[in-house]
Structures are given as C-alpha cells and as structure tokens.
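Where a number appears in this text, it was derived from the coordinates with a stated rule and is not lab data. No experiment lies behind these values; they were computed from the predicted model shown. Here the Cβ positions follow ideal geometry from the backbone for every residue, glycine too, while neighbour counts run over all protein chains shown.
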Amino acid sequence: MKDKKTEKKTATEPASPVTAPDQTGKSAKTSKAKSEKSTGKSDSLAKAKVEKPKDAKKALNFKVSSEFRREFKTYASAHDMKLGKLLEVAFESYRKQNGGG
C-alpha cells in the first residue's frame, strides 16, 4: 500500500517525458525540433508539408437545426454522396441560379 507522499509525487509527474521541460526550461519536443532543424534532418519533412495539393480539404464548422441536419444526411446517404460533396453541389447550383461568380 502506498503512502500519501508517494501518491502525490506520482500524480505531479509529467504524463510524457517527451513534453517534459529540459534543462533550459523549454519542452524537450521543442528542443528536439530545433536540433533537427539545425542538423538539416527535418528539411525534407518541412518541404513535404509545404507542398500540399491544391484541392486539400479544410474543415467548415457551423450549426444547423437538427431537422435540417437529419434531412441533409439522409439525402446524402440515399444518393451515395459524402456530406461535403453534397454541400459543394448545392452551393454551385445556388450560385448559378442567383448569378454568383
């Protein structure tokens, strides 16, 4: 059985040694990234992240009524469409009907 002092010490220990502060007070994760950058190991990774495809997807987050959400998802499912694709098609149709650019 552990005494209270031991329990308190384990409760305050960092969950992951990767994010624990190093001797400079910065997290080890930050120090590792800086050391990789100075050695050039992460250069190829940085270039890979920059070169994203032009059609990369981004999140779009907004609220709608529960009834609209149910109808929208049901329509998409019945027509074997993804929700994002249905939104794109609906928006394109709206723009064509209303003279949007």
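Note on the range 71-97: residues that are under 15 Å from residue 57 (Cβ atoms) and of a type in the set (Gly, Ala, Ser) total 1. For beta carbons closer than 6 Å, sequence separation of 6+ or different chains, a first residue in the range 65-80 that is surrounded by 10 or more Cβ atoms within 10 Å (Cβ to Cβ) and a second that is part of a helix (DSSP H, G or I), the qualifying pairs are 76/83; 76/86.
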